[in-house]
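To start, the structure itself, in structure tokens.
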Amino acid sequence: ASLDPGTRRLVERRTRLLGPSYRLFYGTPVELVRARGVQAWDAAGNEYLDAYNNVVSVGHGHPRVVEAIHRQLETLCTHTRYLHEGILDYAERLLPTFGGRLAEEGHLMLTCTGSEANELALRIAKHRTGRSGVIVTSEAYHGNTELTAGISPSMGEFSPLGVWTRRVPTPDSYRLPPEGLGAWLAEHTARQIEDLERRGEGLAAFVVDSLFSSDGVYAEPRTLLGPVADVVRRAGGLFVADEVQCGFGRSGERLWGFQRHGLDPDIVTMGKPMGNGYPVAGIAVVDEVVQRFGQDMRYFNTFGGNTVAVAAARATFDVIEDEGLVANSERVGRYLRERLGTLAARDERLGDVRGAGLYVGVEIVRTRDGKEPDKETASAIVNGLRDRRVLISATGLHGNVLKIRPPLVFREEHAERLVEELDAVLQAV
Ligand code: PMP
């Protein structure tokens, strides 16, 4: 793309200083300098609608979270080797929200990133079961550490998977018959478990994001993961719900994505929106699952669970409750999918509109009947929207699923603007 000289200089400087491993969004990269709520501004003062950033889940720069971080940083910043009520108050409020065994006898362990949370979950699962097998979905992403990159096939063919990592196919509800999809996925899971057992290893854990974010956003059917969890449990493996993306109200009706499938996970991992931008992540784990691990070794994480991180998490949680953001996610998400559905009814390139709450996927295809993924058009739409100052992205194996995942303070008028701009882009593409 022909960039203006200022942008080109910035891109070149970035490549020189940060090296080759980073990627930028959009043909014409955006330099954001400031944001509030669901709006952001670039260096030239242009305003954007943010329909993508799920970390700042209660809105960019939410004053209550900013104030809580500021006040705590000024008062005390220490780690988990001192007594402090903040983390206990937070755990007392968070653990009951999971229901099931986690509500009754769960523990909260805090980290700084989702990767670390999944890394810790894997270590606990391996220690608990004495086995190393881990099953994930075909295009999963679970993190950037050695262990978690090893269970993240979406990193691509050059990023090695763990020796004992096994994959089950994406439950593509758009192309496969939705009835029986749960039994189908359970059958694939059972086959992978058999393979692990035949090789003398066996299953430690099944790790899954219940909205299948990097597989291409699949929210239905809700009967999908129940049969899988049964198969996993029968094999003595742990069920790990990766809520890093789908947690904290993202999926609408409930706080947690796994609850849409009626599950009772052994471990829940969370991160991203937990501190509305302040790095705080962690796991909830059933007591009996972590007992041996805790007796045999200690866990310490300098920044994980520090008093400031906890203040950020508590304030974020308060805002989610006080502003009714789970209900807002459900209502506005439904409205957005309806409006997108109207566009899809008259444009066969929009093959499927799906999702839950404010996590919406729109599958871009060549023809309605053939359902052939169309990455080029998806990319043109993402870039066209960027040029009209609406920020989204694309995901899935073929990169042809528009990924719309705004802060949870997104309202109907924002959905309206997004749809209007998308309509205009579709006419031009
Ligand atoms: N799990 C899922 C489902 C994720 O989407 C991500 C981040 N994209 C991670 C784990 C890793 O989180 P982090 O980048 O905070 O390490």
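Below are the figures for this structure:
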read-out	value
Residue within the stretch 330-349 that is in contact with a Pro (Cβ under 9 Å, 6 or more places away or on another chain) and more than 16 Å from Val401 (Cβ to Cβ) present	yes
Condition check for Gly249: under 21 Å from Thr113 (Cβ atoms), surrounded by 24 or more Cβ atoms within 10 Å (Cβ to Cβ) and more than 10 Å from the ligand (Cβ to nearest atom)	yes
So Gly45, is it assigned to a loop (DSSP other than H, G, I, E, B), touching a residue at least 24 places away in the same chain (Cβ under 8 Å) and not hydroxyl-bearing (Ser, Thr, Tyr)	no
Top-ranked residue of the stretch 113-138 - restricted to ones that are touching a strand residue (DSSP E or B) at 6+ places or on another chain (Cβ under 8 Å), part of a loop (DSSP other than H, G, I, E, B) and not charged (D, E, K, R), ranked as surrounded by the most Cβ atoms within 10 Å (Cβ to Cβ)	Thr113
Members of the stretch 330-346 found to be free of Cβ contacts under 8 Å to residues at least 60 places away in the same chain and in contact with a Leu (Cβ under 7 Å, 6 or more places away or on another chain), listed by number	Ala344
Hits in the stretch 222-245 - residues which are part of a loop (DSSP other than H, G, I, E, B) and either at pLDDT 95 or above or within 14 Å of the ligand (Cβ to nearest atom) (or both)	Leu224, Ala235, Gly236, Gly237, Glu243, Val244, Gln245
Any hit, the stretch 373-390, residues being out of contact with any Leu (no Cβ under 9 Å at 6 or more places or on another chain), modelled with pLDDT of 95 or more and of a type in the set (A, V, I, L, M)	yes
So Arg260, is it under 29 Å from Val280 (Cα atoms), in the same structural domain as Gly150 (by TED's automatic domain parsing) and touching a Lys or Arg at 6+ places or on another chain (Cβ under 6 Å)	yes
Among residues of the stretch 25-54, those that are under 19 Å from the mean Cα position of the chain (by Cα) and outside the structural domain of Ile404 (by TED's automatic domain parsing), counted	1
Test: residue in the stretch 262-277 that is assigned to a strand (DSSP E or B), surrounded by 23 or more Cβ atoms within 10 Å (Cβ to Cβ) and on the phi > 0 side of the Ramachandran plot	yes
Residue check, Ser115 touching a Leu at 6+ places or on another chain (Cβ under 8 Å) and polar (S, T, N, Q)	no
Pair list, Cβ < 6 Å and 6+ apart or interchain, from the stretch 1-14 residues that are of a type outside the set (Val, Ile, Thr) to residues that are not in a helix (DSSP H, G or I)	Ala1/Gly27; Ala1/Thr28
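The values are calculated or read from the model by the stated rules, or taken from the named source; none is laboratory data. In this text, all values refer to a predicted model and were calculated from it rather than measured experimentally. Cβ: placed from backbone, ideal geometry, glycine included. Neighbour counts: every protein chain shown.
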